[in-house]
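Structure record follows, encoded as structure tokens.
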Amino acid sequence: MLTTRSWPGETRRRLTEALQRPAAQQPGWADPGAADDVREALERLPPLVLPAEVDRLRSRLADAARGRAFVLQGGDCAETFAANTADHVGANVGALRAMARALEQDGGRPVVTLGRIAGQYAKPRSQPVDVLGLPVFRGDIVNGPEPDPAGRAADPRRMLRAYTHALAALNLIRAGHGGPGAEVFTSHEALLLDYERGLLRLAAGDGTGRGGETGGLYALSAHFLWIGERTRQLDGAHVALAALLANPVGVKIGPGTDPELAVAYAERLNPGREPGRLTFISRMGAGAVREKLPAVVERVTAAGHPVVWSCDPMHGNTREAPSGYKTRRVTDIEDEVRGFFEVHRELGTHPGGLHIELTGDAVTECLDEPGGIDDTALAGRYETHCDPRLNGDQALRLAGAVAALTRT
Ligand code: PEP
Ligand code: MN
């Protein structure tokens, strides 16, 4: 595997061209020189995952694109360094595995399990400053959540801590912590470009020429990376970087996604129309999925693009509870998933995956009425640093409902 310095000039030129484009949601580092030093240090470190694993995932995702497998992707909204304990990692992997078992046994299709884990440390934010006028918390890989000016300064050395934490979490996962069973692949939002760039490696590839003339340029911070709703500008740096990669990649698409734009993403990110390379993760909201998703699916399908269609029923259903907590209703989450299946059944396309925020810890972050967590119960164990997650029970119940839908 070649590190940056020994890459062919053409590869370096393409990467520079991609990264010179406008990049949304990047921190203003307190010390930009230090950010360069950290990136170079990351370039010399061993990668977190290997190209052969990435290739294996891509071929499993190709099965999902063809309707022969189902993708389960889940984990914390934001992983934190403090919560990166053996207990928490084990609980999250355990909850994912329990869901995967239920989906596989009752849903009748092999499940590809992808954690939002071992690198989900960077968060896009809707405002650059918080209510106190401080720079917003952008995730542990950038700054600290505590509301003090020093802690909120964007510190590039945090990228090295993130690498170390990701490595430790991966070590647990690879050792079978959380219950040995099917392979758990890793994923996170490809948001922080300095970190992702530091973990790019050029590998021989598999001889298919995938990735165009660049050969096999792999982002080895994780097996799968996705582009978020706020950074999917067609001419921006995130899409341009993803276009260079050999990894399978995802794009989150919200209710404002023009069907032609979805086709443009597919043309840009998967010109070879390879099944498994591109996943669209729709996050429309329960109230919009039946209205907005069909045109997108129809246009992409008509253009001949084989994508994995995955449903994120979390990010279009966030609301503020009367108590003030940021929450989601389990009934909305279930309803968006039902709508997603209805749309695909109607169009004859494959509902290929589920993308959720969950933890195996017994948190009280999502409203579950009647009979479960109500507004007064949210305060009991509300621990997320970003968005509300399903707890293990809620997640397993959702898996049961999704299994019933995949069977029919
Ligand atoms: C997320 O997955 O945590 C997220 C921020 O999602 P989106 O980009 O879809 O808003
Ligand atoms: Mn989130």
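Conditions (1) under 22 Å from the mean Cα position of the chain (by Cα); (2) touching a residue at least 12 places away in the same chain (Cβ under 8 Å); (3) in a loop (DSSP other than H, G, I, E, B), marked per residue:
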site	(1), (2), (3)
Phe280	yes, yes, no
Ala295	no, yes, no
Thr301	no, yes, no
His315	yes, yes, yes
| query | Somewhere in segment 171-189, is a residue over 17 Å from Leu114 (Cβ atoms), assigned to a helix (DSSP H, G or I) and modelled with pLDDT of 95 or more? | reply | yes
| task | Identify all residues within segment 85-110 that are surrounded by fewer than 18 Cβ atoms within 10 Å (Cβ to Cβ) and outside any helix (DSSP H, G or I); write none if there are none. | result | Thr85, Gly108, Pro110
| said: Checking Asp106 against (1) more than 21 Å from the chain's Cα centre (by Cα); (2) in contact (Cβ under 8 Å) with a residue 40 or more places away in the chain; (3) at positive phi: exactly one of these is not met. Which one? | reply: (3)
| Ala64 versus (1) surrounded by 16 or more Cβ atoms within 10 Å (Cβ to Cβ); (2) modelled with pLDDT under 95: which is the lone unmet condition? | (2)
| query | Residues of segment 357-383 being within 16 Å of ligand 2 (Cβ to nearest atom) and either in a helix (DSSP H, G or I) or open to solvent by 20 Å² or more (accessible area, probe 1.4 Å) (or both), which ones? | reply | Tyr382, Glu383
| query | Can you tell me how many residues in segment 142-165 are within 16 Å of ligand 2 (Cβ to nearest atom) and either surrounded by fewer than 21 Cβ atoms within 10 Å (Cβ to Cβ) or under 14 Å from Cys386 (Cα atoms) (or both)? | reply | 1
| request: Quickly run through segment 28-46 and pick out the residues that are surrounded by 18 or more Cβ atoms within 10 Å (Cβ to Cβ) and within 30 Å of Leu172 (Cα to Cα). | output: Ala35, Val38, Arg39, Leu42
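The values are calculated or read from the model by the stated rules, or taken from the named source; none is laboratory data. No experiment lies behind these values; they were computed from the predicted model shown. FYI the Cβ positions are ideal-geometry reconstructions off the backbone, even for glycines, and counts take in every protein chain you see. The accessibility values were calculated without ligands, DNA or RNA, using every heavy atom of the protein model including side chains. Shrake-Rupley method; radii C 1.70, N 1.55, O 1.52, S 1.80 Å.
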